[in-house]
Amino acid sequence: MLKNTRVTSQSASSAEEPAEPLPVSLAAIRERMSQADDVIYTEYIINPSIGLGCTVVFIDGMVSSAIAYDHVLQPLMTNREFAEAPSGQVIINSIMSGSIYHSQRKLCSTKEEALSQLLFGSLLIFFDKCDIPVAFDSKGFEKRGISEAMNENIVKGSRESFVEVIRVNTSIIRRHILTDELKIRHLTVGRRTRTSVAIVYLEGIANSSTVEKVFKKFEDADIDGLTTAGQVESLLYDNPISMLPQSIYTERPDKLSGSLLEGRIGILIDGLSIVYITPIDFHSLMQAPEDYAHNFVFASFFRMLRYLCTAASIVLPAFYVSITTFHQEMIPTKLAVSIISSKRGAPFPTYMEVLLMLTAFEVLLEAGLRLPKSVGQAISIVGALVVGQAAITANILSPGVVIIIAAAGITGFIVPSQDLSNFNRLIRIFFVLLAMIGGLFTTTMGLIAIIYLMCTIEVFGTPYFSPIVAADGHGAFRDTFIRRKWSSMTRRPGNIDPEDIVRNATKPEDAPAEQKGGDA
C-alpha cells in the first residue's frame, strides 16, 4: 500500500514571500521544489484501519538508502504502536520520545527550516493533517576517500589529507587533537549556495578577539555563494588589493594541527579539500611541515636556504640586466669578456632577452598546469631543453640569459607556499622593468617599496613582517630564519597574541616567566 511519485514540473508561483516564517506543509514544499525531478515523494499508509498515512520526502543521491529504510522507515511501518496510532500528532510525539532509535531527529516548525534540512540531506516525513514534519539526518552522498595530499609532498609525516566533505574533515581534526578545548563553530555563507563553514580553534590558546573577528568576517558576508578558494581569500584578507598572500592553505591535517597548537585559527569550507590558516606572518609562508620532523640543524639549514633562494629568484634577473646594461665596471674582466663573446650575434639587447625568457618560462609553466599530467611534464622538459638549446644555437638568445632565468626559476620553486611563489614570479618581472630604467638604483628602490608594503600589512592584528618590525626584533631568531630544538621552544608565537603563551615549560616554576613574550 505505497505509491512512489516524482515531483512534476509546475509553474513557479509569482507571489512574493511574506516577511513572517510560513508554517510547513507538503504543498509548500512541492511548490518551492517544483521542476526539481530529483526530489522523491513516497506515500505510505501507517494505520490502514483509519487510512492514516504519511509522505516521505528526500533528494535522490543525498540520502543513504540503508539509513533511511533500516533505521527510519522499517520501524515506522512495522511498529504496532504506530499502526494503532489515532493521529499523526500521536506518532510525532512517540517518535520524539524515542520510539525510533535515530540519533538525529528534529521537528521543523517553519518552511525555511524544512527546506534547509531537505537540501542538506535529511529525510522529511509529513504525517496526515500535521504541518510540522520530522527530519531525520540520513546523509549518504558519494564522496572521495581520504588519500595522500596531491599538492603537498610528504617526506616524513602523516599521509592522509582533507577531502571535500566538511564533516569528514572535522572528524579528522578531532582524531589528531583529542581535547575538549578544540572548538568547531559552524555557520552558513551564501544566500543561494548556503555553504557550510567551520571555524576551528583551541579555546584558551587562540586569541578570542581574533576568533570573533574571523567569525564575523564570514557571518557578515553578503554574497550569492561561496564556491571557490578566491572568494574565501577575499573575505579573509584585510588588504584585498595587496598581491601578497595573507593566509596559508593546506591539505594536510598534521600541518593544521600544529598551527592550532600555536594559537592560530583554521577555516574549513564545505566543498573544498583545503583548509585555510590565519593569522599568519611572512615567515609562516617560508616554513614547511617537514621543518618540525627533522633535526633542528637540518631544518634550520633548509629554512635559511629558502630565504636565500627566494631572494635570488626575485632579484637575479634584474641584477643581471643592471650590471650588463648600466654597471659593467662591477663585472670581473674575464667574466665580462665571456658575456660579451656569448652575446656576439644575438639580435636583442639584454633586457629584451631577459623579458622574452621570463615570458617563455611562464608560458611553459601555464601549459604544464593546463595539460594532463602525463603530457604536461613532458611539454615542460621539451620546452626547457629543446627550445632553449635551439634558441642559443640560432644566436637568438645568449647562453648567459638562459642560465640566469633557469636559476631564477628553479630557486623560485623552493618556496613552500604556492601563493608566495606566484607573487615572486610576478614581482621579478617588475624588477626587470625597473632595472631597464635605472639599473641597481631603481631596483633597490623597488626592493625598499616591497619591504615597506610588507611592513604596513596586518593580518587580524598580526604585523606581516613580525617579529622583525615588532617588539624591537624580539624573537627574530627563535622560530623564523632558524628552527630551535624542541626543548628550547617553550613559547608559542607571540606576534599572534595567544592567550596561553607557554607551550613547553621545562620546569613548572618557569611558566610565569614565559608569559613575557613568545616565539615568532
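Among the residues of the stretch 93-119, how many are aromatic (Phe, Trp, Tyr) and in contact (Cβ under 8 Å) with a residue 40 or more places away in the chain?
0
Restricting the search to the stretch 162-219, which residues are of a type in the set (Asp, Glu) and either surrounded by 17 or more Cβ atoms within 10 Å (Cβ to Cβ) or within 18 Å of the chain's Cα centre (by Cα) (or both)?
So in the stretch 162-219, the residues of a type in the set (Asp, Glu) come out as 164, 180-181, 203, 212, 219.
If the condition is that a residue be of a type in the set (Asp, Glu) and either surrounded by 17 or more Cβ atoms within 10 Å (Cβ to Cβ) or within 18 Å of the chain's Cα centre (by Cα) (or both), then Glu164, Glu219 are the ones that fit.
Could you list all residues from the stretch 210-236 that are of a type in the set (Ser, Thr, Tyr) and in contact (Cβ under 8 Å) with a residue 60 or more places away in the chain?
Listed by number, the list holds a single entry, Thr210.
Could you tell me which residue of the stretch 473-491 is modelled with the lowest pLDDT, considering only residues that are more than 16 Å from Asp291 (Cα to Cα) and buried (at least 20 other Cβ atoms within 10 Å of the Cβ)?
At the first step, the residues of the stretch 473-491 found to be more than 16 Å from Asp291 (Cα to Cα) are 473-476, 490-491.
Cutting the leftovers down to buried (at least 20 other Cβ atoms within 10 Å of the Cβ) gives us 475, 490-491.
Numbers: Gly475: 65, Thr490: 83, Arg491: 86.
This residue is Gly475.
For the stretch 127-135, indicate whether the set of residues that are touching a Gly at 6+ places or on another chain (Cβ under 6 Å) and either part of a strand (DSSP E or B) or modelled with pLDDT of 90 or more (or both) is non-empty.
yes
If we keep just the residues of the stretch 84-109 that are surrounded by 15 or more Cβ atoms within 10 Å (Cβ to Cβ) and part of a loop (DSSP other than H, G, I, E, B), which is modelled with the lowest pLDDT?
Top of the filtered list is His102.
Kindly establish whether Ile125 is touching a strand residue (DSSP E or B) at 6+ places or on another chain (Cβ under 9 Å), within 30 Å of Arg491 (Cβ to Cβ) and either surrounded by fewer than 17 Cβ atoms within 10 Å (Cβ to Cβ) or assigned by TED's automatic domain parsing to the domain that holds Val72 (or both).
Spelling it out, it is not the case that Ile125 is touching a strand residue (DSSP E or B) at 6+ places or on another chain (Cβ under 9 Å), within 30 Å of Arg491 (Cβ to Cβ) and either surrounded by fewer than 17 Cβ atoms within 10 Å (Cβ to Cβ) or assigned by TED's automatic domain parsing to the domain that holds Val72 (or both).
Mind checking whether some residue in the stretch 452-472 is at pLDDT 85 or above, surrounded by fewer than 18 Cβ atoms within 10 Å (Cβ to Cβ) and more than 29 Å from Val211 (Cβ to Cβ)? Lay out the reasoning, then the answer.
Looking only at the stretch 452-472, we keep the residues that are at pLDDT 85 or above, and these are 452-465.
When the remaining residues are screened for being surrounded by fewer than 18 Cβ atoms within 10 Å (Cβ to Cβ), the result is 452-456, 458, 461.
With the extra rule that they be more than 29 Å from Val211 (Cβ to Cβ), the set shrinks to 452.
Yes.
Being of a type in the set (A, V, I, L, M, F, W, C) and free of Cβ contacts under 8 Å to residues at least 12 places away in the same chain is the filter; apply it to the stretch 337-362 and report the residue that is farthest from Met150 (Cα to Cα).
So, considering only residues that are of a type in the set (A, V, I, L, M, F, W, C) and free of Cβ contacts under 8 Å to residues at least 12 places away in the same chain, the one farthest from Met150 (Cα to Cα) is Val337.
Let's see how each residue does on (1) crowded, with 17+ Cβ neighbours inside 10 Å; (2) under 22 Å from Ser109 (Cβ atoms):
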{"site": "Val24", "(1), (2)": "yes, yes"}
{"site": "Ile29", "(1), (2)": "yes, yes"}
{"site": "Gln35", "(1), (2)": "no, no"}
{"site": "Ser49", "(1), (2)": "no, no"}
{"site": "Leu73", "(1), (2)": "yes, no"}
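Evaluate the stretch 113-122: report whether one residue or more is touching a Leu at 6+ places or on another chain (Cβ under 7 Å) and outside any helix (DSSP H, G or I).
There is no residue in the stretch 113-122 that is touching a Leu at 6+ places or on another chain (Cβ under 7 Å) and outside any helix (DSSP H, G or I).
May I ask you to list the residues in the stretch 296-315 that are free of Cβ contacts under 8 Å to residues at least 60 places away in the same chain and farther than 22 Å from Ala406 by Cα?
Matches in the stretch 296-315: Val297, Phe298, Phe301.
Considering the stretch 231-252 alone, what residues qualify as being farther than 17 Å from Phe215 by Cβ and hydroxyl-bearing (Ser, Thr, Tyr)?
Listed by number, the residues that qualify are Ser242, Tyr249, Thr250.
I'd like to check something: does the stretch 134-147 contain any residue that is in contact with a Phe, Trp or Tyr (Cβ under 7 Å, 6 or more places away or on another chain) and crowded, with 16+ Cβ neighbours inside 10 Å?
The answer is no, given that none of the residues of the stretch 134-147 is in contact with a Phe, Trp or Tyr (Cβ under 7 Å, 6 or more places away or on another chain) and crowded, with 16+ Cβ neighbours inside 10 Å.
Identify, please: which residue in the stretch 305-329 is surrounded by fewer than 14 Cβ atoms within 10 Å (Cβ to Cβ) and of a type in the set (A, V, I, L, M, F, W, C) and is, among those, farthest from Ile392 (Cα to Cα)?
Here the residue is Leu305.
Out of all the residues in the stretch 169-228, which are touching a helix residue (DSSP H, G or I) at 6+ places or on another chain (Cβ under 9 Å) and in a helix (DSSP H, G or I)?
Asn169, Ile172, Ile173, Arg175, His176, Thr210, Val214, Lys217, Phe218
Kindly list the number of the only condition in (1) modelled with pLDDT under 90; (2) crowded, with 16+ Cβ neighbours inside 10 Å; (3) farther than 19 Å from Tyr249 by Cα that fails for Ile154.
With respect to (1) modelled with pLDDT under 90; (2) crowded, with 16+ Cβ neighbours inside 10 Å; (3) farther than 19 Å from Tyr249 by Cα, Ile154 is out only on (3).
Do we find that Ser147 is outside any strand (DSSP E or B) and either over 18 Å from the mean Cα position of the chain (by Cα) or not hydrophobic (A, V, I, L, M, F, W, C) (or both) in this structure?
Working: outside any strand (DSSP E or B): yes; either over 18 Å from the mean Cα position of the chain (by Cα) or not hydrophobic (A, V, I, L, M, F, W, C) (or both): yes.
Yes: the conditions hold for Ser147.
The values are calculated or read from the model by the stated rules, or taken from the named source; none is laboratory data. Every value quoted in this text rests on a predicted model; they were computed, and no experiment measured them. Please note: Cβ atoms are built from the backbone with ideal geometry, for glycine as well, and neighbour counts cover all protein chains shown.
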